[in-house]
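The values are calculated or read from the model by the stated rules, or taken from the named source; none is laboratory data. Only a predicted model underlies this, so the values are computations on that prediction, with no experimental measurement involved. Cβ: placed from backbone, ideal geometry, glycine included. Neighbour counts: every protein chain shown. Side chains are part of the model used for accessible areas, which takes the heavy atoms of the whole protein and leaves out ligands, DNA and RNA. Shrake-Rupley method; radii C 1.70, N 1.55, O 1.52, S 1.80 Å.
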Amino acid sequence: MIASALGLAAVACLVYAFRRSPDFSWGPTVSPHIAADYVLLLGALLLGSDFAYVERQFGVLGERWPYHFLVVAAVYFVLAYRFDSRAVLSLAVSAFAAWRGVSVTTAFGGPGEAAFGALRANALACGAFFVAAGFASVRFRRKPHFEKVYVTAGLLLFFSGILSGAMQGSRSSWLLWEVALGIAGAAVLAIAWKLRRPVDFAIAVAALWLGALRMTGEALHRESFFLAAAVWSIAAIVVLVAATRRMRASR
Amino acid sequence: MKKAWVEAERAAEVRDAARDWKQSDAIDAATLAAIEAEFPARRVELAKAWKVLIFVLVSVATNGIQVGVFGFQPRGSGTYFTFAAILVAATEVLRGSRLAGTGSDAATSFWAVNYLTLAFAVLLEAGKTAGAITATIAVVAVAWAAACWRWGFGIYGAFAAIAGYLFLARFPFGRLAWGFVGAALCVMSVAWTGRRRWTSSRLRALTGVFVVSALALYGAINLYFYDHHAIEALSDGWRSRGPWPVRPDARLASAIATAVVPVVFLAWGLRARRRLVLDTGAILAAFSILTLEYYFRFGSLEITLFGVALIGLALWLNRRLTRAPGGELHGFTASPLLSAESETLSPAAALAAAAALPASPHRPDDADFSAGGGQYGGGGATGTF
């Protein structure tokens, strides 16, 4: 009954949005009314809730239950492209990443050293995949305005993966991850600077700042560490503010 | 607030509003350029995500310096007073600089108030006596209110109001005070939001005070809060007074008020065309339904059907408003009001723009806008464009 009610509400919302949406186009389309955008989002969320409810109550996929995230992601991708909705695309990207994360954790029977390693690898792969999807969107002119959603999500996942390696204990290979963070961070900074992309620039600065704090924590302790953290923070602020002004001035 | 800060804030509000109008195609690129030329950026303009990042960075830097210089366990309250004074000075400098509004001044002011609170708590030995706790809460309320008034961070108005209600709750008449003060501040804050000479940051502070006061008023009359003595539990030495008496007549009055107060807010919002009041009424109505659910326990089916009914009501209302002549019904419209970000005209931007433009009782002959000049002022600031 509940599943049917949720499903009916979701379908009603999607039909409402469909009737008010412009025809499909690979370029950006103009929404006729704000209500249609919100109703579409509501419909997508209700649909996701319905899938989750059905899976939880009836166990349709059994032990492969994490695949329901993939199903939700696929439906969201279709909706995002059909209705030209970046909000729904964000949901699709999140559902896809959740599928990988939950699948890995379930496969290893819960959190642990091996699970963290696999999780990290998946985060890095997902991040790279999303960034590639962003480039492909622009390169092949298939919803090029979706590129920012893909690249931002990709960079966040990619740097999260590297940082999780760098944040490991002192006996691990954390230093190698720090080196990787330095290289990846410098590359993203350079590209973001050249392309005048402040959001990507800020993500890289934040990641490098966290990496610098981790490295400092290995060398300094107590009060001296806090002073060093203050210095790193001020340095990051100076870089961010100066970069913004230069990027704005050169536009 | 200093005159120059008010002018900079107004210029930023007008620039933001103009960009929203451009994004909504209400004005063209030339008009946007003209407005931006007349209101040049006096501050570094950053996206919200950057402001949050800079707030975090400055917070880490601030606390890092505090621990690095003064150590983990400074002796006495003097250290905290000194550090709070340094942060107050830093905020004053930042508010007057191009870095105002980047998140850096918000962070220094936020930690200034927190370290001042900590200093008073240490000085009064707040952990030892109930009176010291009450005095510290009073200091917190005054500090947030002063910070809000001086530096113009709207959210600090809400913080001050929260601390103020916690202070009132310390006394035996706490529930009564929440009811009366809450109702009075609700009415006053809504009335004051119509003042054009107030800066938009202070109007935002009034919004925060209104929401907190509405919640305080509702907390004073809500049946669940009455039955569970939620306000009395915050008072000084309430456990030593023995069992709290529950009077049947007061309980009945509380039950009726739980149902009536949200309706009053909704009716007020509809009648006054104030979305803030309407939204607050909707939130209070949701709390009343939760209260009802606590006492009568609905099934999941009823809750689902209720949610579906609300969705249906929203769609029906949207349909009626969209199909009404001119897209308007009794002063309500479903049309987006020129803001690309929120799809509604931000009240702060509207008021800033209203304050920036000269009063125009008659429709001008030429309906097309051109940036020909004018005057703006209010909140101690004047200027021309």
Simple label model, 7 Å out from Cα along Cβ direction - residue A:38 to residue B:49, nm: 2.4
Just to be sure I understand the model, the point goes 7 Å from the Cα along the line to the Cβ. What's the resulting residue A:175 to residue B:306 distance in nm? 6.1
Environment charge of residue A:89, counting only residues whose C-beta is closer than 12 Å and scoring Lys/Arg +1, Asp/Glu -1: +2
Rounding to the nearest 20 debye, state how big the charge dipole of segment A:131-206 is about its Cα centre with +1 on each Lys and Arg Cβ and -1 on each Asp and Glu Cβ. 420
Whole number in Å², please: accessible area per residue of the protein assembly as shown, 1.4 Å probe, ligands, DNA and RNA not counted. 52
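Dipole of chain A, Cα-centred, from +1 at each Lys and Arg C-beta and -1 at each Asp and Glu C-beta, to the nearest 20 debye?
Roughly 900 debye, rounded to the nearest 20.
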Only sites in a loop by DSSP and with at most 11 other Cβ atoms within 10 Å count here; which chymotrypsin sites (Phe, Trp or Tyr not before Pro) in segment A:41-145 make the cut? A:140
If you take the accessible area of A alone plus B alone and subtract the pair, what total do you get in square angstrom, rounded to 100, with a 1.4 Å probe? 2800
Can you pull the percent of segment B:1-114's accessible area that's carbon plus sulfur, 1.4 Å probe, other chains left in place? 61
Tell me, which residues of segment B:46-60 get at least 50 Å² less accessible area when the other protein chains come in, versus the chain alone (1.4 Å probe)? B:50, B:53, B:57, B:60
With springs connecting C-alpha atoms under 10 Å apart, model chain A as a Gaussian network and identify which of A:15, A:238, A:88 has the largest mean-square fluctuation. A:238
Report the Rg/Rh value for segment A:94-223, based on alpha-carbon coordinates and the Kirkwood definition of Rh. 1.02
Taking the Cα atoms only, what angle lies between the long axis of helix A:2-20 and the longest principal axis of chain A, rounded to 10 degrees? 90
Residues of segment A:200-229 buried by at least 40 Å² on assembly (accessible area, 1.4 Å probe, chain alone as reference): A:209, A:223, A:226, A:227
In degrees, nearest 10, the alpha-carbon axis of helix A:147-166 is tilted away from the dominant principal axis of the alpha carbons of chain A by 50
Taking a crude spin-label model, label points 7 Å out from Cα along the C-beta direction, the residue B:249 to residue A:60 distance in nm is 5.9
Where does the protein assembly as shown land on Rg/Rh, using Cα atoms and the Kirkwood Rh? 0.97
Net dipole in debye of segment A:76-214 [+1 Lys, Arg Cβ; -1 Asp, Glu Cβ; about Cα centre; nearest 20]: 480
Straight-line reach from residue B:22: which lysines have a Cα under 22 Å away, not including same-chain ones fewer than 8 places off? A:148, B:48
Rounded to 0.05, the calculated FRET efficiency for the beta carbons of residue A:221 and residue A:191 at R₀ = 41 Å is 0.70
Counting only the backbone N, which residues of segment B:255-274 are under 15 Å from the spot 7 Å out from the Cα of residue B:285 toward its beta-carbon? B:259-274
Carbon plus sulfur fraction of accessible area for segment A:1-102, probe 1.4 Å, in percent: 67
Tell me which of B:114, B:32, B:1 sits at the most positive position along the dipole axis of segment B:1-129, charges placed on C-beta atoms (Lys, Arg +1; Asp, Glu -1). B:114
